[in-house]
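Chemist: What follows is a structure written as structure tokens; I'll ask about it next.
The values are calculated or read from the model by the stated rules, or taken from the named source; none is laboratory data. Model, not experiment: these values are computed from the prediction. Neighbour counts are summed over all protein chains in view; Cβ atoms, including those assigned to glycine, are modelled from backbone coordinates with ideal geometry.
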Amino acid sequence: MHFHIMTLFPEMVLEGLRTSIIGRAEEKGCISIDAVNIRDYTLDRHKKVDDYTYGGGAGMLMQAQPVYDCWKALDEKIAARKDMEHDRTRVIYVTPQGKVFNQKMAADLAGEEDLIFLCGHYEGIDERVLEEIVTDYISIGDYVLTGGELPAMVMIDAVSRLVPGVLSNDESAQTESHSNGLLEYPQYSRPEVWHEKKVPDVLLSGHHANIEKWRLEQSLNRTRERRPELYDEYMREHPPQPAKKRKKRHHEPNITSD
Ligand code: ADE
């Protein structure tokens, strides 16, 4: 997976992502992260990339020209690497006006070979260039940040950990919160008793079926309490199965109640 970030602050994104698990994943070659400075593409003598908005209103807008030329250079670079006809690389504009990001969207994006993130600043970006290059409008939540760099980093982190080889323990991506539509069950480590709180007996029993059952119950309860809307969705998708009628054996008497 190759991430390409169009930004006015490449060092912010690179410094933030090149640490810990994501940094190691890049060193191992599971992912690559490349940040390009939109300012490098401006044709303005003073390196300006923003201007006032037509119609008035507070704040400055990022202009179409540097954003478009930056994207064009990136797109051509990606095409050259692929060395053949390729589907258009998805361009994600991180914006509070987008669809709110979730684990399903992370899984969908993890299936791509390249992803371009466009980070806006000031009051946003000229609509005309967005119409031409953006394929996905994504927000990380219903609040407004000063720029798109942090949201892009959040999404790149969430997508990267779904790329094969990034996490050392495959298990952890499968059982964690949101991967099955539920929040994860509570977990415990040593010691067995801490602050007079004991680890639930079932977890010490070694009985795997009972442990799985307990964990699912805990996940369901926790999701119902903390995220009722997720619980409702899960129950719609997994309606409780009616208890199976046990087949009557030949030798069993036919007992009727009257
Ligand atoms: N840019 C500013 N705020 C944002 C948000 N909440 N999500 C994505 N991009 C943003």
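Chemist: Test Arg24 against the stated conditions and say whether it is within 19 Å of Gly124 (Cβ to Cβ) and assigned by TED's automatic domain parsing to the domain that holds Glu149.
Modeler: no
Chemist: Is region 147-162 home to any residue that is of a type in the set (A, V, I, L, M), away from the ligand (no atom under 16 Å from the Cβ) and farther than 20 Å from Trp71 by Cβ?
Modeler: Taking region 147-162 and keeping what is of a type in the set (A, V, I, L, M), we get 150, 152-156, 158-159, 162.
Filter once more, keeping what is away from the ligand (no atom under 16 Å from the Cβ): 162.
Next, only the ones that are farther than 20 Å from Trp71 by Cβ stay: 162.
Yes; the residues of region 147-162 include at least one that is of a type in the set (A, V, I, L, M), away from the ligand (no atom under 16 Å from the Cβ) and farther than 20 Å from Trp71 by Cβ.
Chemist: While we're here: So, in region 120-136, exactly how many residues are surrounded by 15 or more Cβ atoms within 10 Å (Cβ to Cβ) and more than 20 Å from Ala58 (Cα to Cα)?
Modeler: Going through region 120-136 one residue at a time, the tally reaches 5.
Chemist: How many residues does region 127-146 contain that are within 9 Å of the ligand (Cβ to nearest atom) and more than 22 Å from Asp114 (Cα to Cα)?
Modeler: 6
Chemist: Hey, does region 93-114 have a residue that's more than 16 Å from the ligand (Cβ to nearest atom), of a type in the set (A, V, I, L, M) and either free of Cβ contacts under 8 Å to residues at least 60 places away in the same chain or in contact with a Pro (Cβ under 7 Å, 6 or more places away or on another chain) (or both)?
Modeler: yes
Chemist: If you don't mind, there's one more thing I want to ask. If we only count strands (runs of 3 or more DSSP E) wholly inside region 9-65, which ones have 2 or more residues that are within 30 Å of Gly165 (Cα to Cα)?
Modeler: Working: elements: 32-37, 50-52, 60-62.
Answer list for region 9-65: 32-37.
Chemist: Considering only region 21-61, state which residues are among the hydroxyl-bearing types (Ser, Thr, Tyr) and either buried (at least 16 other Cβ atoms within 10 Å of the Cβ) or more than 23 Å from Glu112 (Cβ to Cβ) (or both).
Modeler: Those that are among the hydroxyl-bearing types (Ser, Thr, Tyr) and either buried (at least 16 other Cβ atoms within 10 Å of the Cβ) or more than 23 Å from Glu112 (Cβ to Cβ) (or both): Tyr41, Thr42, Tyr52, Thr53, Tyr54.
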